[in-house]
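Can you keep this structure in mind? I'll have questions shortly.
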Amino acid sequence: MAVTKKNTTGKSVAWVIVFLGAVLMLAPFYFTFVLATQPREAIYHIPPPMWFGEALAHNISAINALIPFWHNLGMSFYVAAMTTVLALFFCSMAGYAFAMYEFRFKKFFFAIVLGSMLLPPFLGLIPTFMLMNALGWLDQPRALYLPAAAGAFGIFLMRQYIGSAVPKELMEAARIDGCGEFRIYWNVVLPLIGPALGTLGLVTFITSWNSFLQPLVIMHTPENFTLPVALRSVQSTTNTDWGAVMAGSAIAVLPLLILFVLFSRRLIAGLTAGAVKG
Amino acid sequence: MESVLSPAASSTAPRRRKRFQSWKWAPYIFISPFVIIFAIFGAFPLIFSATLSFAQWDPAAGFGAIKWIQLDNYKFVLTDRWFWKSLGNTVYIALASGLPQHLVAIPFAAFLSTLLRGRNIVLGAYFLPFITSSVAISLIFSSLFSKDFGAINAILMSLHDHLPLIGQLLPDHKVDWLQNTEMVKPTVSFVVFWRYVGWNTVLYLAAMQTIPEDLYEAATLDGASITRQFWHITLPMIRPMMFFAVSLTLINNLQLFEEPFILLGDNGGTGQAAMTTAMYMYRTAFYFSDFGTACAISWVMFVIIAVLSYGNNRLFKLAGGED
């Protein structure tokens, strides 16, 4: 928008509001790290601590006494990594087929992809639990990563990107050179779509890392809890050890903060992909 | 593998034997993981859930214990006062967190779109809550909102005592954010607002960046003020994105679960003042072992979401002057 000079006072006021808003947005993260470093006495003190303390190591060992914290961290990481690897493979294959091939029922299958994006997730929660129960998959990590391994969002993203980034002539040329269809996908297409794979990988990893409802109903033994479920299990209404919970939360949030600092632009672009065309 | 030619190439070389036209079946192989996973973990559970909503069943008793009871689950849900209370809570929180999100995000995105520098840093700060774990966030907020030892009350009290003029508007006593039935819904709404306002800003900013700059240049030459440009260029041009963003807010907020579940516990707090319908469904299934009724609740909610989304669609079409 064009800005004229008489607007500078208005703009300063706007900046102050935006700055205060940013403080409001970031303050909870600040307090997570403050409380994670404070001993119990300081947290249950009036007024509460506003600056870092020295009890971080103590709080980490406290959270380990309450829950099998490193197991939970490992489980979160394992599920997120498996989901990401499978989703990158399955979504790029399906997206490639939808972008580059003509085949019977293509429209029908693509309508299913788009339609499955509209289904509210909680509609499937109870029957998914019962299905996993019937399969004997309760408490198994695969009950978490397999259903999430070929998401419609990823297929859509891949189809858009492959359609614009991979020239069809390249496929023709590879075929004439005697390349099989899978080798064309693996050796010709995949190397060209690195940026889209990166974006989808980030989005998938973060979504899986933060996921709560599915692991809440599927994982039953504390060793198999993912981090969000484990942290929630520590919270009790009366006498919560907040230092320990905040140390755990800080460690749960830390990978996301690092990914965000490194890749925020790509992440924002990836999450809004598709929306912008709408 | 034999050399395989594309349709165009093989028609110019008719003598080559078409033994294995892998380009014909390859796409089906490529989409098969999606189709299989969707069939097993997407479509089948939905059919199962729809079937079960007409039955009474405690899964611990085995498949033989399924009793068909026609519409009884739906009749029960629609006359259950706890269902209506949870729906009321959900709609309250959806509106109280959803409306401010968009009323803040649109002017904020308009402001950001005028910036040449610093835009990404500001945007990053507002977007961060969206990508962090809602459980970790809710745990943090339940500590911050704690009545006696929470930082929020401490800061408000200190501002009340030391900030001139505005300070007098702030409460002079500790607010019981998480126990007082009057306060829990606004508190949950605030946390939801806090989490999604940056996401909506990003969506609106992306839409504003696609508006051609010469529209504004022409308007400026014609003497239109910034405010008029906002109302007559920016708002109409971002209408498709508004529809998309409002639809997303609607769909997500009506399924709200994690924030109230963590902030207030699995029963939705004192007097169940913040028990949402999604939480009620969860309790019906996993605490009361009544899976048939829980499935019926989820389908009633699905219909409500679908109807409201359709209404939202009509509203935007009417506002845009289409039919």
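The values are calculated or read from the model by the stated rules, or taken from the named source; none is laboratory data. Small disclaimer: the values here were computed from a predicted structure and weren't measured. Cβ placement follows ideal geometry from the backbone for every residue including glycine, while neighbour counts extend to all protein chains displayed. Please note that ligands, DNA and RNA were not included when accessible areas were found on the heavy atoms of the full protein model with its side chains. Shrake-Rupley method; radii C 1.70, N 1.55, O 1.52, S 1.80 Å.
If you go through the range B:49-62 one residue at a time, how many are open to solvent by 40 Å² or more (accessible area, probe 1.4 Å) and either facing another protein chain (nearest Cβ under 9 Å) or of a type in the set (Val, Ile, Thr) (or both)? If you could, list the steps in order and put the result at the bottom.
Within the range B:49-62, the subset open to solvent by 40 Å² or more (accessible area, probe 1.4 Å) is B:51, B:54, B:56, B:58, B:60-61.
The next check asks that each one be either facing another protein chain (nearest Cβ under 9 Å) or of a type in the set (Val, Ile, Thr) (or both); those that pass are B:51.
The number of residues fulfilling the criteria is 1.
Among the helices (runs of 4 or more DSSP H) confined wholly to the range A:156-230, which include 3 or more residues that are free of Cβ contacts under 8 Å to residues at least 40 places away in the same chain and more than 27 Å from A:Phe263 (Cα to Cα)? Let's see the steps before the verdict.
On the way: elements: A:168-176, A:194-210, A:213-218.
By residue number, A:168-176.
Check the range A:192-206 and report whether any residue there is facing chain B (nearest Cβ under 9 Å), open to solvent by 30 Å² or more (accessible area, probe 1.4 Å) and within 25 Å of B:Gln255 (Cβ to Cβ).
no
Just to check your reading of the model, which residue among B:Gly265, B:Gly292 is open to solvent by less than 10 Å² (accessible area, probe 1.4 Å) and either under 21 Å from the mean Cα position of the chain (by Cα) or within 11 Å of chain A (Cβ to nearest Cβ) (or both)?
Values: B:Gly265 fails: open to solvent by less than 10 Å² (accessible area, probe 1.4 Å).
The match here is B:Gly292.
Of all residues in the range A:63-99, which are touching an Asp or Glu at 6+ places or on another chain (Cβ under 9 Å) and open to solvent by 20 Å² or more (accessible area, probe 1.4 Å)?
Of everything in the range A:63-99, those that are touching an Asp or Glu at 6+ places or on another chain (Cβ under 9 Å) and open to solvent by 20 Å² or more (accessible area, probe 1.4 Å) turn out to be A:Leu66, A:Pro68, A:His71, A:Met75.
Could you tell me which numbered condition A:Lys168 fails, if it satisfies all but one of (1) at the interface with another protein chain (Cβ under 10 Å from one of its Cβ atoms); (2) open to solvent by less than 30 Å² (accessible area, probe 1.4 Å); (3) farther than 30 Å from B:Asp266 by Cβ; (4) modelled with pLDDT under 90?
Tallying (1) at the interface with another protein chain (Cβ under 10 Å from one of its Cβ atoms); (2) open to solvent by less than 30 Å² (accessible area, probe 1.4 Å); (3) farther than 30 Å from B:Asp266 by Cβ; (4) modelled with pLDDT under 90, A:Lys168 fails exactly one: (2).
Mind checking which residues of the range B:124-136 are at the interface with chain A (Cβ under 7 Å from one of its Cβ atoms) and either open to solvent by 20 Å² or more (accessible area, probe 1.4 Å) or not small (Gly, Ala, Ser) (or both)? Step through it out loud before you land on a result.
To start, the set of residues in the range B:124-136 that are at the interface with chain A (Cβ under 7 Å from one of its Cβ atoms) comprises B:124-129, B:131-136.
Of everything in the range B:124-136, those that are at the interface with chain A (Cβ under 7 Å from one of its Cβ atoms) and either open to solvent by 20 Å² or more (accessible area, probe 1.4 Å) or not small (Gly, Ala, Ser) (or both) turn out to be B:Tyr126, B:Phe127, B:Leu128, B:Pro129, B:Ile131, B:Thr132, B:Val135.
Sticking with this one: So which of A:Thr221, A:Thr199, A:Thr226 is under 30 Å from B:Pro45 (Cα atoms), in the same structural domain as A:Ala81 (by TED's automatic domain parsing) and out of contact with any helix residue (DSSP H, G or I) (no Cβ under 9 Å at 6 or more places or on another chain)? Walk me through how you get there before you give the answer.
Numbers: A:Thr199 fails: out of contact with any helix residue (DSSP H, G or I) (no Cβ under 9 Å at 6 or more places or on another chain); A:Thr226 fails: out of contact with any helix residue (DSSP H, G or I) (no Cβ under 9 Å at 6 or more places or on another chain).
Criteria check complete, one pass: A:Thr221.
Give me a count of the residues in the range B:192-241 that are polar (S, T, N, Q), touching a residue at least 60 places away in the same chain (Cβ under 8 Å) and surrounded by 14 or more Cβ atoms within 10 Å (Cβ to Cβ).
Of the range B:192-241, the ones polar (S, T, N, Q) are B:200-201, B:209-210, B:220, B:225, B:227, B:229, B:234.
From the residues that got through so far, the ones that are touching a residue at least 60 places away in the same chain (Cβ under 8 Å) too are B:200-201, B:209, B:234.
Filter once more, keeping what is surrounded by 14 or more Cβ atoms within 10 Å (Cβ to Cβ): B:200-201, B:234.
Residues meeting the conditions: 3.
Take the residues in the range A:111-155 that are within 20 Å of the chain's Cα centre (by Cα), open to solvent by less than 50 Å² (accessible area, probe 1.4 Å) and more than 10 Å from chain B (Cβ to nearest Cβ); name whichever of them is nearest to A:Val217 (Cα to Cα).
Among residues in the range A:111-155 that are within 20 Å of the chain's Cα centre (by Cα), open to solvent by less than 50 Å² (accessible area, probe 1.4 Å) and more than 10 Å from chain B (Cβ to nearest Cβ), the one nearest to A:Val217 (Cα to Cα) is A:Leu144.
List the number of the failed condition for B:Ser113; all other conditions in (1) over 28 Å from A:Leu213 (Cα atoms); (2) more than 7 Å from every other protein chain (Cβ to nearest Cβ) hold.
It fails just one condition, (2).
Looking at A:Glu41, A:Glu102, which one is open to solvent by 70 Å² or more (accessible area, probe 1.4 Å), in the same structural domain as A:Asn224 (by TED's automatic domain parsing) and free of Cβ contacts under 8 Å to residues at least 12 places away in the same chain? Spell out the reasoning first.
Values: A:Glu41 fails: in the same structural domain as A:Asn224 (by TED's automatic domain parsing).
Going through A:Glu41, A:Glu102 in turn, the sole match is A:Glu102.
Exactly one of (1) assigned to a helix (DSSP H, G or I); (2) open to solvent by 10 Å² or more (accessible area, probe 1.4 Å) is unmet by B:Ser146. Its number?
With respect to (1) assigned to a helix (DSSP H, G or I); (2) open to solvent by 10 Å² or more (accessible area, probe 1.4 Å), B:Ser146 is out only on (1).
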